[in-house]
1. Among (1) over 20 Å from the mean Cα position of the chain (by Cα); (2) touching a residue at least 12 places away in the same chain (Cβ under 8 Å); (3) surrounded by fewer than 18 Cβ atoms within 10 Å (Cβ to Cβ); (4) within 18 Å of residue 4 (Cβ to Cβ), where does residue 249 come up short?
2. Mind listing just one residue for me: the one in segment 157-192 that is part of a helix (DSSP H, G or I) and surrounded by fewer than 18 Cβ atoms within 10 Å (Cβ to Cβ) and, of those, farthest from the chain's Cα centre (by Cα)?
3. For residue 36, which of the numbered conditions (1) free of Cβ contacts under 8 Å to residues at least 24 places away in the same chain; (2) touching a Phe, Trp or Tyr at 6+ places or on another chain (Cβ under 7 Å); (3) assigned to a loop (DSSP other than H, G, I, E, B) fails to hold?
4. Considering only segment 216-247, how many residues are part of a helix (DSSP H, G or I) and of a type in the set (A, V, I, L, M, F, W, C)?
5. For residue 200, which of the numbered conditions (1) at negative phi; (2) buried (at least 20 other Cβ atoms within 10 Å of the Cβ); (3) touching a residue at least 24 places away in the same chain (Cβ under 8 Å); (4) not β-branched (Val, Ile, Thr) fails to hold?
6. In segment 16-43, how many are in contact with a His (Cβ under 8 Å, 6 or more places away or on another chain) and either surrounded by 22 or more Cβ atoms within 10 Å (Cβ to Cβ) or closer than 18 Å to residue 151 by Cβ (or both)?
Amino acid sequence: MAVAIDPGLAQTLTDARLQLHHAAQLATATGISYLPAEPDDSHTNLEWVESLRALAARVIPAPQPFRALVQPADLSLSVAGEDNQIVASTLLHGLTMDDAANWLRARIAERGADGDRLTLKRHYEIPHHDVDDGATFDTKNAAALAQLDAWYFAASKALDYVRSSTTDASEIRCWPHHFDIATLIDLGGGKTIGVGMEPGDQYYDEPYFYVNMSPSPKPDAATASLGGGGAWHTHEWVGAVLPGSRLGEEPKEQVHAFLDSAILAARAIQRANA
């Protein structure tokens with residue numbers, strides 16, 4: 001059964017988040033291995049499929065088209081048809097990355113594609129975890145995995161809200177490098193606003209919502225008041241953040257208030273930088 005976000009657990013998800021990040025590379029590997037490389041790396045990104053509570057790669061053309069996906073709640077790897085019906089699934093607990101890749105290669109072959117084309121090589125780095133070195137996945141911390149599932153679900157809903165109230169916002173995708181799920185608002189003239197949820201990184205070791213800008217403004221531009229308990233981040237990049245541990249009893253309303261105020265502030269900053 002799906003659980004709700006627990007702000008009290010937001011700072012306890014590191015190991016589960018790193019394992020999920022590595023597990024997601026198995027799905028991303030299908031885009032890298034079977035799709036033409038896109039300049040913006042969109043062939044590698046993932047989609048949150050609400051009906052499956054899963055991060056799913058793009059559909060791969062084959063005699064029987066397929067997509068690979070990872071479900072955070074139980075850290076399972078699955079293959080689905082283009083109709084999003086799962087046709088094969090395995091729990092990653094106790095498996096190595098190589099074990100999981102070999103399982104996936106066999107499933108790909110069953111769909112009529114060349115399973116040997118699947119490679120785990122990638123052109124970017126992600127944070128290290130022992131599974132990099134041949135350790136097996138360990139899902140004993142089920143509560144942490146359930147929280148990550150809740151975070152991606154909540155982020156998808158929050159980003160749907162942004163897209164419904166904002167013009168020129170891109171599709172919502174999860175990017176396997178930083179592992180954030182986000183949409184990009186195109187302001188024209190080469191200016192954009194990024195809106196998303198990062199499950200944790202070197203800046204905040206917990207999930208957080210963010211609004212950032214490109215080109216990035218100077219730190220002294222970040223002065224507007226933010227709703228929902230948000231704050232400005234100015235170390236190495238400038239943007240508005242709402243860490244998960246700051247969420248209260250009405251997280252949906254709090255997140256919406258934060259996003260509304262942060263996007264409004266970002267628009268004003270980008271206009272001022274014209």
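1. Status for residue 249: all satisfied but (2).
2. In the first step, residues of segment 157-192 are kept if they are part of a helix (DSSP H, G or I); the result is 157-165.
If we keep only those that are surrounded by fewer than 18 Cβ atoms within 10 Å (Cβ to Cβ) as well, we get 157, 160-161, 163-165.
Values: 157: 13, 160: 14, 161: 17, 163: 17, 164: 20, 165: 21 Å.
Out of the qualifying residues, it is 165.
3. The one condition residue 36 does not meet is (2).
4. Filtering segment 216-247 down to residues part of a helix (DSSP H, G or I) leaves 219-221, 244-246.
Pick out the ones that are also of a type in the set (A, V, I, L, M, F, W, C) and you get 221.
Total meeting the criteria: 1.
5. (1)
6. So the first thing to find is which residues in segment 16-43 are in contact with a His (Cβ under 8 Å, 6 or more places away or on another chain), and the list is 18-19, 21-22, 31-32, 35-37, 41.
Checking the rest, the ones that are also either surrounded by 22 or more Cβ atoms within 10 Å (Cβ to Cβ) or closer than 18 Å to residue 151 by Cβ (or both) come to 18-19, 21-22, 31.
Number satisfying all stated conditions: 5.
Residues are listed down the side, and each one gets a yes or a no for (1) under 24 Å from residue 41 (Cα atoms); (2) without any contact (Cβ under 8 Å) to a residue 24 or more places away in the chain:
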| residue | (1), (2) |
| --- | --- |
| 133 | no, yes |
| 156 | yes, no |
| 163 | yes, yes |
| 175 | yes, no |
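Conditions tested, residue by residue: (1) of a type in the set (A, V, I, L, M, F, W, C); (2) in a loop (DSSP other than H, G, I, E, B).
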residue: 249; (1), (2): no, yes
residue: 252; (1), (2): no, no
residue: 255; (1), (2): yes, no
residue: 264; (1), (2): yes, no
residue: 268; (1), (2): yes, no
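No lab work stands behind these numbers, since they all come straight from the coordinates. None of these values were measured; they are calculated from a predicted model. Cβ atoms come from the backbone with ideal geometry, glycine included; neighbour counts cover every protein chain shown.
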